[in-house]
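Working notes, structure below.
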Amino acid sequence: MLDWLLNLDRDVFLYLNGIHSPSWDSFMWWVSRTNSWIPLYIILLIVVIYRERPFRFVYTLVFIALVVLLDDQISVLIKNLVQRPRPTHNLEIAGLVHIVNDYKGGQYGFVSSHAANVFGIATFLANQFKGYKWGIFLFAWAALVSYSRIYLGVHYPLDIIFGAILGVLIGVQCYVFKVRTAVYIGRQIDIREEKKIEKLKKQKANADAENKNREVG
């Protein structure tokens, strides 16, 4: 069963990777580069700051960073445990793989860190922004970045699929934890404000009592 699945994965990869052209080479190379998306990250940062109350956007950014950190570290851990060679390092098919700019990636490819990261960010922000248009945009972006890894010949489809699953799971868990953290911090702030109000009331009551005693005296 496993051999059948891996063979199918290889065949689908070779089919998808075989669809290429010089113009698509340049485009997919650009899509796959993290630096290419810096303007998008800046826009998303501005949206987060604009939508969140002043004290909230900071730990929202902290949790986004946590998503990326967990996706990156766990995907690398899985790579080292599974040790599945990338298509470019698989001697059986390496000669059939279309590569761009002589880029072959590291030795192992399961699961894709790119897919885990972008799907983790997309999942977290789709929940954060709460709008189907945002969800469609973010997951389309994640799918495009992930597909570029197949196009460049450095990942099989299963690398991408399981990387995406990892990213979604981490994105959901981090968002849930973020919401709980927000509720907890909000509750602590409310408790602190209530204590301040109670303290002021007591001070006022004591001051009123002292004034009455002076008047009686």
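The values are calculated or read from the model by the stated rules, or taken from the named source; none is laboratory data. Given the structure is predicted, the values throughout are model-derived calculations rather than measurements. Ideal geometry is used to build each Cβ from the backbone, glycine not excepted, and the neighbour counts take in all protein chains shown. Surface areas here come from the heavy atoms of the whole protein model, side chains and all, with no ligands, DNA or RNA. Shrake-Rupley method; radii C 1.70, N 1.55, O 1.52, S 1.80 Å.
Computed values, structure above
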{"read-out": "Amide H partners (placed H, <5 Å) of Tyr108, local residues excluded", "value": "Arg86"}
{"read-out": "Among [x] 60, 20, 14; [y] 54, 17, 12; [z] 27, 20, 17, the entry derived from the coordinates for semi-axes √(5λ) of the Cα gyration tensor in Å", "value": "[y]"}
{"read-out": "Within a Gaussian network of the chain (alpha carbon springs, distance under 10 Å), most fluctuating of His20, His98, His114", "value": "His20"}
{"read-out": "Rounded accessible area per residue of the chain, 1.4 Å, Å²", "value": "61"}
{"read-out": "Estimated 222 nm signal from helices in the chain, with DSSP H stretches of n ≥ 4 weighted -39500 (n - 2.57), rounded to 500", "value": "-26500 deg cm²/dmol"}
{"read-out": "GNM top mover of Glu198, Glu92, Glu52 - the chain, alpha-carbon springs below 10 Å", "value": "Glu198"}
{"read-out": "Sorted peptide list for 60-72, 173-185, criterion being average Cβ within 10 angstrom, highest first", "value": "60-72, 173-185"}
{"read-out": "Principal-axis tilt of helix 113-129 within the chain, Cα atoms, nearest 10 degrees", "value": "40"}
